[in-house]
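Reviewing the structure listed below.
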(Lines give C-alpha, C1' and ligand atoms only; values in the text may rest on other atoms or scores of the structure.)
Protein backbone atom coordinates (compact mmCIF):
# COMPACT_ATOMS: atom_id res chain seq x y z
CA UNK A 1 0.00 0.00 0.00
CA UNK A 2 1.34 3.38 -1.00
CA UNK A 3 0.84 6.66 0.71
CA UNK A 4 -1.83 8.91 -0.66
CA UNK A 5 -0.56 12.37 -1.36
CA UNK A 6 -3.06 15.14 -1.12
CA UNK A 7 -2.66 18.02 -3.52
CA UNK A 8 -2.56 21.31 -1.70
CA UNK A 9 -4.43 24.17 -3.25
CA UNK A 10 -2.95 27.62 -3.07
CA UNK A 11 -4.83 30.10 -0.93
CA UNK A 12 -6.45 33.01 -2.71
CA UNK A 13 -4.09 35.95 -3.01
CA UNK A 14 -6.35 38.19 -0.95
CA UNK A 15 -6.25 35.75 1.98
CA UNK A 16 -2.44 35.44 2.02
CA UNK A 17 -0.22 37.40 4.34
CA UNK A 18 2.41 39.79 3.01
CA UNK A 19 5.23 37.33 3.76
CA UNK A 20 3.43 34.56 1.89
CA UNK A 21 2.90 36.91 -1.04
CA UNK A 22 6.60 37.79 -1.03
CA UNK A 23 7.48 34.08 -1.22
CA UNK A 24 5.14 33.69 -4.19
CA UNK A 25 6.57 36.84 -5.76
CA UNK A 26 10.13 35.55 -5.42
CA UNK A 27 9.20 32.53 -7.53
CA UNK A 28 8.06 34.74 -10.41
CA UNK A 29 11.16 35.85 -12.36
CA UNK A 30 9.50 38.96 -13.88
CA UNK A 31 8.95 40.57 -10.48
CA UNK A 32 11.69 42.67 -8.96
CA UNK A 33 11.71 44.60 -5.72
CA UNK A 34 9.32 42.22 -3.97
CA UNK A 35 10.67 43.07 -0.53
CA UNK A 36 9.91 46.76 -0.93
CA UNK A 37 6.24 46.24 -1.82
CA UNK A 38 3.27 46.26 0.52
CA UNK A 39 0.43 43.73 0.38
CA UNK A 40 -1.74 45.61 -2.11
CA UNK A 41 1.19 46.18 -4.45
CA UNK A 42 2.22 42.52 -4.21
CA UNK A 43 -1.28 41.30 -5.03
CA UNK A 44 -1.58 43.53 -8.08
CA UNK A 45 1.93 42.64 -9.32
CA UNK A 46 1.34 38.90 -8.94
CA UNK A 47 -2.03 39.14 -10.67
CA UNK A 48 -0.45 41.11 -13.50
CA UNK A 49 2.37 38.57 -13.86
CA UNK A 50 -0.09 35.66 -13.90
CA UNK A 51 -2.38 37.42 -16.37
CA UNK A 52 -5.29 37.77 -13.98
CA UNK A 53 -7.38 40.86 -14.60
CA UNK A 54 -8.43 42.90 -11.62
CA UNK A 55 -12.12 43.77 -11.78
CA UNK A 56 -12.50 45.31 -8.36
CA UNK A 57 -13.61 48.91 -8.39
CA UNK A 58 -11.75 51.09 -5.96
CA UNK A 59 -13.60 53.87 -4.26
CA UNK A 60 -11.94 57.20 -4.67
CA UNK A 61 -10.60 59.31 -1.86
CA UNK A 62 -13.05 62.01 -2.81
CA UNK A 63 -15.95 59.87 -1.58
CA UNK A 64 -14.19 59.46 1.77
CA UNK A 65 -13.65 63.21 1.92
CA UNK A 66 -17.34 63.83 1.24
CA UNK A 67 -18.35 61.43 3.99
CA UNK A 68 -15.95 63.09 6.44
CA UNK A 69 -17.40 66.48 5.54
CA UNK A 70 -20.88 65.13 6.34
CA UNK A 71 -19.57 63.82 9.66
CA UNK A 72 -18.16 67.23 10.50
CA UNK A 73 -21.51 68.88 9.73
CA UNK A 74 -23.42 66.32 11.78
CA UNK A 75 -21.08 66.86 14.73
CA UNK A 76 -21.83 70.59 14.74
CA UNK A 77 -25.56 69.87 14.51
CA UNK A 78 -25.25 67.40 17.38
CA UNK A 79 -23.44 69.96 19.52
CA UNK A 80 -26.21 72.45 18.80
CA UNK A 81 -28.85 69.89 19.77
CA UNK A 82 -27.00 69.13 23.01
CA UNK A 83 -26.77 72.81 23.89
CA UNK A 84 -30.55 73.13 23.30
CA UNK A 85 -31.16 70.08 25.56
CA UNK A 86 -32.67 68.17 22.61
CA UNK A 87 -31.37 64.74 23.59
CA UNK A 88 -33.53 62.89 21.08
CA UNK A 89 -32.00 64.69 18.09
CA UNK A 90 -28.52 64.42 19.60
CA UNK A 91 -28.96 60.67 19.78
CA UNK A 92 -30.10 60.55 16.14
CA UNK A 93 -27.09 62.60 15.02
CA UNK A 94 -24.76 60.33 17.00
CA UNK A 95 -26.15 57.26 15.22
CA UNK A 96 -25.76 58.93 11.84
CA UNK A 97 -22.16 59.83 12.65
CA UNK A 98 -21.29 56.25 13.62
CA UNK A 99 -22.87 54.90 10.43
CA UNK A 100 -20.87 57.32 8.33
CA UNK A 101 -17.66 56.41 10.18
CA UNK A 102 -18.28 52.76 9.31
CA UNK A 103 -18.68 53.76 5.67
CA UNK A 104 -15.31 55.53 5.70
CA UNK A 105 -13.63 52.44 7.11
CA UNK A 106 -15.20 50.30 4.39
CA UNK A 107 -14.25 52.77 1.66
CA UNK A 108 -10.63 53.00 2.80
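The values are calculated or read from the model by the stated rules, or taken from the named source; none is laboratory data. This one's a predicted model, so the numbers in the text were calculated from it and none came from an experiment. Positions of Cβ are backbone-derived with ideal geometry, glycine not excepted, and every protein chain shown enters the neighbour counts.
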When the stretch 65-88 is checked residue by residue, the ones that are touching a helix residue (DSSP H, G or I) at 6+ places or on another chain (Cβ under 8 Å) and either touching a residue at least 12 places away in the same chain (Cβ under 8 Å) or not in a helix (DSSP H, G or I) (or both) are 67, 68, 70, 71, 74, 75, 77, 78, 81
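For every residue, the table says whether it meets (1) within 29 Å of residue 104 (Cα to Cα); (2) modelled with pLDDT of 85 or more.
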residue: 7; (1), (2): no, no
residue: 23; (1), (2): no, yes
residue: 41; (1), (2): yes, yes
residue: 79; (1), (2): yes, yes
